[in-house]
């Protein structure tokens, strides 16, 4: 979209070449290009026989902000969402200084690719993982900001969702600087661009919508009406409708709350596959609960029956052995 | 550092000027007064010719700002990105100047080790979030812009959404050129919110000429009026960032 080819040409580095840091003197052997963003190119590189991801830029300013965020992110205890920060340095080539930073290399499939290959049934699990990571982040006063499938990677063999670009992360209460229209609350006219937990939860809902509409769609007219219509038109999304609606309209107070709803929904959904979809949820859950209680009673009755049988069997065997013993003694 | 006021002119156009002063010279004049000039060239199906491109670049360059050519679909994101980039650039210029006073003439942020640079950048980001911002938007309404105007309106609403999420205060005003009678016409007085545009924009008529230079010149006067007016009302001496890149 934007014409920024000069950047690409300037920091284009051929595979096989070695980048040496000006300050820390570490060597990185470039293996291949992993991706290209607004602020620079990310390469797969090797240092001391370890794979790392290296981001090289010709624009010192924006990459430094990004590096600061990544550093702060690495300090968030218990969050494994983003890559860990390794070091920052400068690469001098033909007299021109290009800053770079090095981070952990996260290997895996892109989120949308994975969902398309393995089916939307994985979506729920990944969203649960994402929500618990977000919960940790939010509690430390950060909002992720630019949450989108392109930034999510499913690592194997753990099947864990992680994020490769944390550049949009913002302190709570500040303004969101980096965003992608489809996942941005402001674009859909559903709220401000102030960083709050609801901003991220809106994006989570949009990722779920994007999972069922891989090609996305543009805003036409009133945003909320359109989104509700798109949810109605898709079978997979319709089942999540109450949760999506709450997340889109900013009614969840925290990531945990949304996660609890989702977990409740997923377990209900898997225990009873033909759950009524469009019925009144309150009523439906009541009957479901009642049924579950009934199930439990039946199960325990069966258990008790088995228990009695066991006792009888044990007593018979023991008395049989005793009789045999007495018989032997008598002879 | 105390947050001051960042002043910008945002020029949205789709081609070359054809009347009055050289726009690049007027942009240079703006820069001398501490006002940054950013230019966005909007394309739709048409392509901006070489002269237009050159002018867009040279206006931004002499105005100490940022220029970007985009297709109209990407306008919203570009407007906010260009505004932010120019803000950072201006603040960085000020910070560099301070650094030079402390560390000697030739030192800039780039010469610091990465860790120190990160700390300086934190200050720059902090100022970008808390500074006051004044943006005067200049919209080219020559005939070829006619069908791009709805997109321009959306992009400006989007800009006010982005900027009003900041902690610092914002003031926007909108001018169009050519105006009905003069080279430039004021559409919207200084206001923190651009929502009013929804009512004013559809009524716009487009004209034939493109007096970009005179438009920038008049915009400068308008900044001055605001300053002197404020001087009359209260005597707090406001800090303005002076460009020094």
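Remarks
- Between the Cα long axis of helix B:75-103 and the first principal axis of chain B there is an angle of about 30°, rounded to the nearest 10.
- Part-to-part distance (alpha-carbon centres) for the range B:139-160 and the range B:24-72, which is given in Å: 16
- Against chain B, whose longest principal axis comes from its Cα atoms, helix B:212-233 is set at around 60 degrees.
- For residue B:169 and residue B:130, the difference between the fully extended length at 0.36 nm per residue and the C-alpha to C-alpha distance is 13.3 nm.
- Rounded tilt (10° steps) of B:149-163 against the dominant C-alpha axis of chain B: 20
- Each of residue A:71 and residue B:143 was given a label point 7 Å from its Cα along the Cα-to-Cβ line. The distance between the two points is 5.7 nm.
- Cα gyration tensor shape of the range A:5-104, rounded if a/c is under 1.5, else prolate or oblate by comparing a/b with b/c: prolate
- Cα gyration tensor category, rounded, prolate or oblate, for the range A:68-150 with a/c compared to 1.5: oblate
- Modelled this way, with points 7 Å down the Cα-to-C-beta line, the labels at residue A:238 and residue A:260 are 3.0 nm from one another.
- Among A:120, A:169, the order by Cβ neighbours within 10 angstrom, fewest to most, reads A:120, A:169.
- Cα centroid separation, the range A:211-251 to the range A:156-182: 21 Å.
- Placing a label point 7 Å from the Cα of residue B:97 along the Cα-to-Cβ line, the residues of the range B:14-39 whose backbone N sits under 14 Å from it are B:31-36.
- The protein assembly as shown: C-alpha gyration tensor shape, a/c 1.5 cut-off, then a/b vs b/c: prolate
- Gain in span if fully extended, residue A:318 to residue A:107, counting 0.36 nm per residue against the direct Cα distance: 69.9 nm
- Antiparallel bridges, percent of DSSP beta bridges restricted to the protein assembly as shown (to nearest 5): 60
- Segment residue B:25-residue B:119, length gained on full extension (0.36 nm per residue, minus Cα span): 30.2 nm
- Label-point separation in nm, residue A:125 to residue B:181, each point 7 Å along Cα→Cβ: 7.2
Every number in this text was worked out from the coordinates using simple rules, so none of it is lab data. Small disclaimer: the values here were computed from a predicted structure and weren't measured. Cβ coordinates were reconstructed from backbone atoms using ideal geometry, including for glycine residues, and neighbour counts include every protein chain displayed.
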